[in-house]
Amino acid sequence: MRALFVKQDHASPAGPVGEAFTDLGYDVSEFLVVPEERYHSPGVTVTFPDPARFDAVVAFGAVWAVYDDTIGSWIHDEIAFTRRAIAAGVPVLGICFGGQMLASALGGRVLRASEPEVGWRRIETDRPGLIEPGPWLQWHYDRFELPDGVPAVARTPAADQAFVVGRSLGLQFHPEVTPATMELWLGNGGAAALAADGMDGARLLEESFAVAEAAATRARTLVHRFIRDVAIRPQIMPPMTSQPEPPSGSQPRLPAS
């Protein structure tokens, strides 16, 4: 079995999500969209692989917003790639930006959230046998708006947190995060971004160490349930849709969405 991990940027370790796929016997390949040297000028040209070559696709988070096509046409190309994966019956797991992109590919929208959501938060879940209440790591300034007929299966007061469509699972939170990931994000501009919004990166790192073991177990369990319960569901065909317009005056914020 082959899994493709789509990494939007260089600061996206797979953490326990990657470990779980390996434990399940997947041969994991990684596809980097924006190289590290283009991190501050991400308008790259990208040719995505054929998703039908893989048995699962995981789309990770990003510092950019799905609706911000000014950074490069690759966002539209990745949405098209995701739609091809769904049409080919390839299970897709979308994480944060990846979950927002999956919602967009299915006919939903991505909007600026009314408030940022950052920290280890518990969620309300309708399917605890698939998605546990957490806490899960939140770090996003945008949110997905699901297409008609697609219910959220988990949520917080700030945003919907998960949905299932066919063989695909979209998440707003970050199950892949470890203390090492948090250190990377904070050092990659995240600490300054949090401070600008009155939040404490050092405290967030302390919390990440405190919950690390339990959070990693939850993440691995989530992946196992995704493969066991979601990836075997009936195939669907994605609707034809165009990328939504960005909300007026909104700007993406570092380091995750």
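The values are calculated or read from the model by the stated rules, or taken from the named source; none is laboratory data. Note that this is a predicted model, so its numbers are computed, not measured. Because the Cβ atoms are built from the backbone with ideal geometry, glycine has one as well, and the counts that use them run over all protein chains shown.
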*Filter result (out of contact with any Lys or Arg (no Cβ under 6 Å at 6 or more places or on another chain), of a type outside the set (Gly, Ala, Ser) and part of a strand (DSSP E or B)) within segment 112-126*: 112, 115, 116, 117, 118, 120, 121, 125
_Taking the criterion of being of a type in the set (D, E, K, R) and closer than 19 Å to residue 178 by Cβ, would at least one residue in segment 81-99 satisfy it?_
no
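Please work out which residue is farthest from residue 83 (Cα to Cα), limiting yourself to segment 152-174 and to residues that are part of a strand (DSSP E or B) and small (Gly, Ala, Ser).
If we take residues in segment 152-174 being part of a strand (DSSP E or B) and small (Gly, Ala, Ser), then 154 is farthest from residue 83 (Cα to Cα).
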*Residues in segment 1-28 that are of a type in the set (Gly, Ala, Ser), surrounded by 13 or more Cβ atoms within 10 Å (Cβ to Cβ) and modelled with pLDDT of 95 or more: how many?*
5
*In segment 18-40, how many residues are part of a helix (DSSP H, G or I) and touching a strand residue (DSSP E or B) at 6+ places or on another chain (Cβ under 7 Å)?*
3
*Any chance segment 76-93 includes a residue that's hydrophobic (A, V, I, L, M, F, W, C) and closer than 18 Å to residue 173 by Cβ?*
yes
_I want to confirm something. Restricting to segment 130-151 and keeping residues that are assigned to a strand (DSSP E or B) and either over 15 Å from the mean Cα position of the chain (by Cα) or not hydrophobic (A, V, I, L, M, F, W, C) (or both), which single residue is surrounded by the most Cβ atoms within 10 Å (Cβ to Cβ)?_
142
_Cβ pairs under 9 Å, 6+ apart, first in segment 65-82 and closer than 12 Å to residue 48 by Cβ, second at pLDDT below 95 and charged (D, E, K, R)_ = 75/68; 75/69; 76/69
_Index of the failed condition, residue 169 passing every other in (1) at pLDDT below 95; (2) under 24 Å from residue 75 (Cα atoms); (3) of a type in the set (A, V, I, L, M, F, W, C)_ = (1)
*Quick one: how many residues across segment 157-183 are surrounded by fewer than 18 Cβ atoms within 10 Å (Cβ to Cβ) and closer than 17 Å to residue 123 by Cα?*
2
*How do the pairs read when you match residues in segment 95-116 that are among the hydroxyl-bearing types (Ser, Thr, Tyr) with residues anywhere that are outside any strand (DSSP E or B), using Cβ under 8 Å and keeping only pairs 6 or more apart or on different chains?*
104/66; 104/79; 104/241; 104/243; 104/244; 114/158
*How many of the residues in segment 52-107 are among the small types (Gly, Ala, Ser) and either within 16 Å of residue 139 (Cα to Cα) or buried (at least 24 other Cβ atoms within 10 Å of the Cβ) (or both)?*
12
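Inspect all residues belonging to segment 114-129 and state whether any of them is under 26 Å from residue 3 (Cα atoms) and either under 14 Å from the mean Cα position of the chain (by Cα) or of a type in the set (S, T, N, Q) (or both).
no
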